[in-house]
Amino acid sequence: MHQFGTGRPDQQDEKELLGFAAKIMQNSEAQRTPAFPGNRPYREYCGVPLKPVANGKCTSCGLCVKECPAGAIPLDNPKMTDKDKCISCMHCVAVCPKKARNYSKLVSFIAGLKMKKVCSGRKENKLYL
Ligand code: SF4
Ligand code: SF4
């Protein structure tokens, strides 16, 4: 996934985000609901099917348990993941000193293809006020 969004945020982003911040300050008193684009009715959110678990390299050090923002890794068995709680942020994969946590290579491959289709071009910043 690292191939997508490489180099962002860049200088152009920073400039745009400063402009957004100024607009937000100007509109801080406004109470209206912005008109969001998209297809309606919204589809039910069924989660992201990327739930990392640990392999045999895990030493049960507990670091991922401590760092998981969703409390999805049980302290008594850090090789597992509570799939209902996991938000697929991949922080546990990044912090594991043994590189023990990951998810299915097949799922990763399919997700990569989907991302390539929708994320190959530059995504512009948008602000809805
Ligand atoms: S950080 Fe890695 S080695 Fe430590 S408990 Fe988690 S999966 Fe196991
Ligand atoms: S992917 Fe994120 S939410 Fe899921 S177990 Fe890892 S750190 Fe927790």
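Details
- Relative to the longest principal axis of the Cα atoms of the chain, the long axis of helix 11-26 lies at roughly 60 degrees.
- Sequence ranges 2-11, 33-42, 96-105, ranked by mean other-Cβ count within 10 angstrom, highest first: 96-105, 2-11, 33-42
- The GluC sites (Glu not before Pro) of segment 20-82 that DSSP puts in a loop, and whose beta carbon has at most 11 other beta carbons within 10 Å, are 29, 44.
- Protein accessible area in the chain, 1.4 Å probe - carbon and sulfur %: 58 percent
- Extent along the principal axes, Cα only, for the chain: 53, 36, 33 Å, with the longest axis given first.
- Sequence of 80, 115 from largest to smallest accessible area, 1.4 Å probe: 80, 115
- Rg ratio (alpha-carbon, reference 2.2 N^0.38 Å) - segment 42-109: 1.10
- Given 57/79; 66/99; 51/114; 15/126; 79/99; 83/126, the pairs whose alpha carbons are separated by over 20 Å: 83/126
- C-alpha long axis of helix 105-119 to longest principal axis of the chain, angle in °: 10 degrees
The values are calculated or read from the model by the stated rules, or taken from the named source; none is laboratory data. Keep in mind that what you see is a predicted model, and the values were worked out from it rather than measured. Please note: Cβ atoms are built from the backbone with ideal geometry, for glycine as well, and neighbour counts cover all protein chains shown. Remember, those area values only see protein heavy atoms, side chains included, never the ligands or the DNA or RNA. Shrake-Rupley method; radii C 1.70, N 1.55, O 1.52, S 1.80 Å.
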